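All remarks here apply to the structure that follows.
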Amino acid sequence: PSITRGVTVEIPKVSWEDIGGLKDLKKKLQQAVEWPIKHSDAFARLGISPMRGILLHGPPGCSKTTLAKAAAHAAQASFFSLSGAELYSMYVGEGEVLLRNTFQRARLAAPSIIFFDEADVVAAKRGGSSSNSTSVGERLLSTLLTEMDGLEQAKGILVLAATNRPHAIDAALMRPGRFDLVLYVPPPDLEARYEILCVHTRNMRIGNDVDLMQIAEDTELFTGAELEGLCVEAGIVALREDISATVVSNRHFQTVKASLKPALTQAEIN
Ligand code: ATP
């Protein structure tokens, strides 16, 4: 970790291999993030401006945050994280200050990635009947727009925003030079579920009777977060059964799976 004016900035440790599935998406993100940061000279040489913002959208628990961290790791970029909901709930004016400070710190620590979770809370469409020009959301949004436009001169800074309500995002943010790329992060399909289970049992001692492909088949609609939870819980069940257990067996996975119901519904992902 490097120190920037008293603030510890870390490059995340999570890598692309820690994310199951999403092969094409990872490739697209890799290019979109790594190129402008690692090869900014090439962009300058050709007279094209690198991307400044990427919007990731999709249901909760399907790795938007983890993808942003892996991108920062791959590009060896400092990672700054902001939450739209947190900014929104701050005292009047504080959210804007934090937003501006974060961009400032990111410039000092470049190359940097600013991850903006729950972006829709701040970047919601303007002009609704209940809002007026001085509402908290509008002021935060206009600060965000100003900061994003200011990135034109800044090198090696990229904003990755995440939302599960992409239609709520204000059109002003979707203009070229702001969020130039919009990527959907879907819930995992069979192959991805299998890979996610492999990732999260990598460091576990699992019994020979555990068939991860079978578990993947039986967990349709489970998100990555829920699959991770399933693995962790199975380990806990094994310990609860026998504190000196040496492996986590199929029956432990089955016990947990039987008690879980996915939060997503088929209708939500279609
Ligand atoms: P939210 O919208 O709720 O913020 P998110 O889409 O940002 O969710 P993450 O926070 O990245 O999701 O994922 C939650 C957890 O689930 C993480 O701890 C991560 O390890 C695990 N996870 C989710 N998807 C995957 C995946 N494809 N591979 C491995 N782990 C995953």
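Of everything in segment 20-40 that is touching a residue at least 12 places away in the same chain (Cβ under 8 Å) and among the basic types (Lys, Arg), the residue that is nearest to the ligand (Cβ to nearest atom) is 26. Somewhere in segment 233-256, is a residue within 16 Å of the ligand (Cβ to nearest atom), under 23 Å from residue 65 (Cα atoms) and surrounded by 15 or more Cβ atoms within 10 Å (Cβ to Cβ)? The answer is yes; a qualifying residue exists.
Note on segment 90-128: residues that are assigned to a helix (DSSP H, G or I), among the small types (Gly, Ala, Ser) and touching a helix residue (DSSP H, G or I) at 6+ places or on another chain (Cβ under 9 Å) total 3.
For beta carbons closer than 6 Å, sequence separation of 6+ or different chains, a first residue in segment 1-19 that is of a type in the set (A, V, I, L, M) and away from the ligand (no atom under 16 Å from the Cβ) and a second that is modelled with pLDDT under 90 and part of a strand (DSSP E or B), the qualifying pairs are 9/2.
When residue 90 is tested against (1) more than 15 Å from the chain's Cα centre (by Cα); (2) touching a residue at least 40 places away in the same chain (Cβ under 8 Å), just one condition goes unmet, and that condition is (2). Can you find a residue that is more than 13 Å from the ligand (Cβ to nearest atom), surrounded by fewer than 16 Cβ atoms within 10 Å (Cβ to Cβ) and part of a helix (DSSP H, G or I) anywhere in segment 46-59? Looking for residues that are more than 13 Å from the ligand (Cβ to nearest atom), surrounded by fewer than 16 Cβ atoms within 10 Å (Cβ to Cβ) and part of a helix (DSSP H, G or I), one finds at least one in segment 46-59, hence yes.
Conditions (1) farther than 14 Å from residue 116 by Cα; (2) crowded, with 19+ Cβ neighbours inside 10 Å; (3) within 13 Å of the ligand (Cβ to nearest atom); (4) among the β-branched types (Val, Ile, Thr), marked per residue:
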| site | (1), (2), (3), (4) |
| --- | --- |
| 67 | no, yes, yes, no |
| 70 | yes, yes, yes, no |
| 75 | yes, yes, no, no |
| 80 | no, yes, no, no |
| 89 | yes, no, no, no |
| 92 | yes, no, no, yes |
| 100 | no, no, no, no |
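The set of residues in segment 133-167 that are assigned to a helix (DSSP H, G or I) and of a type in the set (Val, Ile, Thr) comprises 136, 143, 146.
Set side by side, the residues 154, 172 differ, and just one is touching a Lys or Arg at 6+ places or on another chain (Cβ under 6 Å) and surrounded by fewer than 21 Cβ atoms within 10 Å (Cβ to Cβ), which is 154.
The values are calculated or read from the model by the stated rules, or taken from the named source; none is laboratory data. Given the structure is predicted, the values throughout are model-derived calculations rather than measurements. Glycine also receives a Cβ, built like all others from the backbone with ideal geometry; neighbour counts cover every protein chain displayed.
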